[in-house]
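Let me begin by presenting the structure, written as structure tokens, before commenting on it.
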Amino acid sequence: MEGMSEREYSAHTGLSRGAIQKARKASRLVVYSDGSINAAASDVRRADMTDPDQQRRSTGSGDSSFSGPADSSSYLKARTALTVYQAQDKQLGIQKKKGTLVDRARAEALVFRLARQERDTWVTWPSRVAALMAAEVAAEVEKQSGTPVIIEAAILQRVLETHVRQHLEALADLRVSLG
């Protein structure tokens, strides 16, 4: 045998035996008539014919801080991140279809609208009930004391409005957090 076997040349170059076989099929190696590999001539031909990125990738050598086409770890990280993103996107789509996920802006608008309706109802409440309350209180006092009593509905309305506004101001400090 004049030259090296595939295994010997693999150890000589630091490449896998499969890489040596591929290089042989692609005529990047110089082979003697007995099938053995001419190491010196093959090294030169392989260097001339092989893309430097491919050499760096197959040997695993090179600068580890290099982040280009030869850095397979950065590709794997990017591919993993893409896969995770796609899975999360599908999960959000499923939750949206099931109705367990709602649009944040829409939910905030709904909460704001409901709070405004509730406030408006409370602001108008004293004017709706002041006359009824004045009559009920006057009747109860008259029943217990036996003397006729008149309670001004306007005065009762102002008192109720004052207390309702104080209560609403206290409630205005509450903040709704949706996330």
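Observations on the structure shown:
- Based on alpha-carbon atoms, the Kirkwood radius and the radius of gyration of the chain give Rg/Rh equal to 1.68.
- For the chain: relative contact order, % (alpha-carbon pairs under 8 angstrom, 6 or more apart): 13
- Note on Q144 and A87: their simple-model spin labels are 7.0 nm apart, each label 7 Å out from Cα toward Cβ.
- Tail weight of P(r) past 17 Å, computed on alpha-carbon pairs of the stretch 1-42, percent: 14
- With the simple model of a label 7 Å out from the Cα in the direction of the Cβ, V111 to A135 spans 4.2 nm.
- Label positions at T162 and A26, each projected 7 Å from the Cα along the C-beta direction, are separated by 9.2 nm.
- Taking θ as phi - 60° and the Karplus parameters 6.51, -1.76 and 1.60, the scalar couplings of the stretch 138-148 work out to 4, 5, 5, 5, 4, 5, 7, 8, x, 10, x Hz in sequence order, x denoting glycine and proline.
- With the convex hull drawn over the C-alpha atoms of the stretch 104-172, the volume per residue is 85 Å³.
- Residues whose amide H lies under 5 Å from that of V31, counting only those 5 or more places away or on a different chain, are N38; hydrogens are built 1.01 Å from N in the peptide plane.
- For M49, M4, order by how many other beta-carbon atoms lie within 10 Å, fewest first: M49, M4
- 3J(HN,Hα) from dihedral phi, the stretch 20-30, Karplus parametrisation 6.51/-1.76/1.60, rounded to Hz, x for glycine, proline: 5, 5, 5, 5, 5, 5, 8, 6, 8, 10, 9
The numbers here are math on the coordinates, done by the rules we state, and not lab data. Every value quoted in this text rests on a predicted model; they were computed, and no experiment measured them. We place every Cβ from the backbone using ideal geometry, glycine too, and count neighbours over all the protein chains shown.
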